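The values are calculated or read from the model by the stated rules, or taken from the named source; none is laboratory data. Values in this document were obtained by computation on a predicted structure and should not be read as measured data. Cβ: placed from backbone, ideal geometry, glycine included. Neighbour counts: every protein chain shown. Side chains included, ligands, DNA and RNA excluded: accessible areas come from the protein's heavy atoms. Shrake-Rupley method; radii C 1.70, N 1.55, O 1.52, S 1.80 Å.
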Amino acid sequence: MRIRSGVAAFAVLALAMAGCGGDSDAGGASGTTTIKVVSAPNVFLAALYVARDDGLFAKEGLTVEIVQVESGNDSIAGLASGDAQFADVGFEDLVEMREQGDDSIVIVHDILDRVTLTLVMRKEIAASKGVTEQSPLADRLRALRGLKIGITSPGAPTDTYMRYYLRSVGLNPDRDVEIIPVGGASSLLAALKNGQIDAYHLSPPTPYVAAEQGFGTVLIDGPKGGVPDLDNFAYTAWATPRQWADANPDKVSAFSRALNAATAKVKSDPEAVVDQILDDLGSDQRAAIQRTVTGMSSALSDNGCLDAATVTRTLDKMFELKIFEERADPAEGALWTNKYNSC
């Protein structure tokens, strides 16, 4: 079972977000509604940044405050504590909450239909192990034996999917490797560069940056669909508190429409989008961001609609991978809904 941050983390996050703006239900002078979005900076969230910068949220009557956090665990905490209206989460987050008797969160807008985690290893270690991106997948994963592997935090996707990779080739995550919580993208990149860790996986761009700067070798390129079992897979989606959505269906639909319009720009004009999102990512690595935006486009949902068959396949695969302990209900309304989209 995934490890949660606990009540203290909820309180800290609540205090952090309390300083970011006014009441989310309050209308501004122009009649707009302010909502808070909790997310760790990521290229696959480019539509969020574009919708804000291009006035697409404002056109829908929304003012969006983006609260940046370190990992997915913090995102789900923001929703569960009631301090945020939207966060990007995985189905595993909601399944675990339901296992604990909490169904207060619902997924309302698809983001990615592929696991985009990209595995990078220190260049000299990959060379000594004799593996490249062209090696058989099983050989690349077996090369992780004996290494120090960085993750963002225990229970985050960087942890759960790494454990799946290791088990898939007969390795024991608790015995055959050392898993080290490091923090967010910049911390993982720095830890790889200075030798604190030997490998990590995260959605780009930082794995690409490690390769471009000469100290990393990319072994799994997530945006390309490097792991067949994790393609056609509902990896990440926007979720919201169920009670808030029921009380504010027009605002959920407005959020979704703005994201769809922004996603169309991400796919049609990635070069312009790169310049918009560099500040949000805290990066000056334009080439790596350009590569990521272009590569990520094929995995982005065009309309935010969740496909029932894909959700079923995802939940079945997650159970098989032991990401959660009991089979989850794939029916619409249990963990997800399309009722706020034009699906």
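Working only within the stretch 173-192, note down all residues that are open to solvent by 50 Å² or more (accessible area, probe 1.4 Å) and assigned to a loop (DSSP other than H, G, I, E, B). Scanning the stretch 173-192 gives Asp174, Arg175. Applying the criterion of being within 27 Å of Ser39 (Cα to Cα) and of a type in the set (Lys, Arg) to the residues of the stretch 156-203, the residue that is modelled with the lowest pLDDT is Arg163. Scanning the stretch 296-312 for residues that are modelled with pLDDT of 95 or more, of a type outside the set (S, T, N, Q) and either surrounded by fewer than 16 Cβ atoms within 10 Å (Cβ to Cβ) or more than 27 Å from Pro207 (Cβ to Cβ) (or both) yields a count of 6. Annotation note: Cβ proximity below 6 Å between a residue of the stretch 246-259 that is crowded, with 20+ Cβ neighbours inside 10 Å and a residue that is modelled with pLDDT of 95 or more and in a helix (DSSP H, G or I) (sequence gap 6+ or interchain) occurs for Val252/Ala245; Ala258/Ala51; Ala258/Leu56; Ala258/Phe57; Leu259/Ala47; Leu259/Ala51. Among the residues of the stretch 57-66, is there at least one that is open to solvent by less than 10 Å² (accessible area, probe 1.4 Å) and at pLDDT 95 or above? Yes, there is a match, as at least one residue in the stretch 57-66 is open to solvent by less than 10 Å² (accessible area, probe 1.4 Å) and at pLDDT 95 or above.
Matching residues to (1) out of contact with any Phe, Trp or Tyr (no Cβ under 9 Å at 6 or more places or on another chain); (2) free of Cβ contacts under 8 Å to residues at least 40 places away in the same chain; (3) outside any loop (DSSP other than H, G, I, E, B):
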position: Ala87; (1), (2), (3): no, no, yes
position: Leu94; (1), (2), (3): no, no, yes
position: Met97; (1), (2), (3): yes, yes, yes
position: Gly101; (1), (2), (3): yes, yes, no
position: Ile111; (1), (2), (3): no, no, yes
position: Leu119; (1), (2), (3): no, no, yes
position: Ile125; (1), (2), (3): yes, no, yes
position: Ser128; (1), (2), (3): yes, yes, yes
position: Glu133; (1), (2), (3): yes, no, no
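The set of residues from the stretch 299-327 being outside any helix (DSSP H, G or I) and of a type in the set (Phe, Trp, Tyr) comprises just one member, Phe324.
Of all positions in the stretch 218-226, at least one carries a residue that is of a type in the set (A, V, I, L, M, F, W, C), out of contact with any Leu (no Cβ under 6 Å at 6 or more places or on another chain) and over 23 Å from Arg52 (Cα atoms).
Selection of the stretch 260-295 for residues being assigned to a helix (DSSP H, G or I), open to solvent by 30 Å² or more (accessible area, probe 1.4 Å), more than 21 Å from Ala237 (Cα to Cα) and in contact (Cβ under 8 Å) with a residue 40 or more places away in the chain yields Gln276, Ala287, Arg291.
One residue stands out in the stretch 131-167 among those that are among the small types (Gly, Ala, Ser) and closer than 17 Å to Ala77 by Cβ: the one that is surrounded by the most Cβ atoms within 10 Å (Cβ to Cβ), namely Ala156.
Applying the selection to the stretch 210-239, what residues are surrounded by fewer than 16 Cβ atoms within 10 Å (Cβ to Cβ) and either part of a strand (DSSP E or B) or among the hydrophobic types (A, V, I, L, M, F, W, C) (or both)? Asp231, Asn232, listed by residue number.
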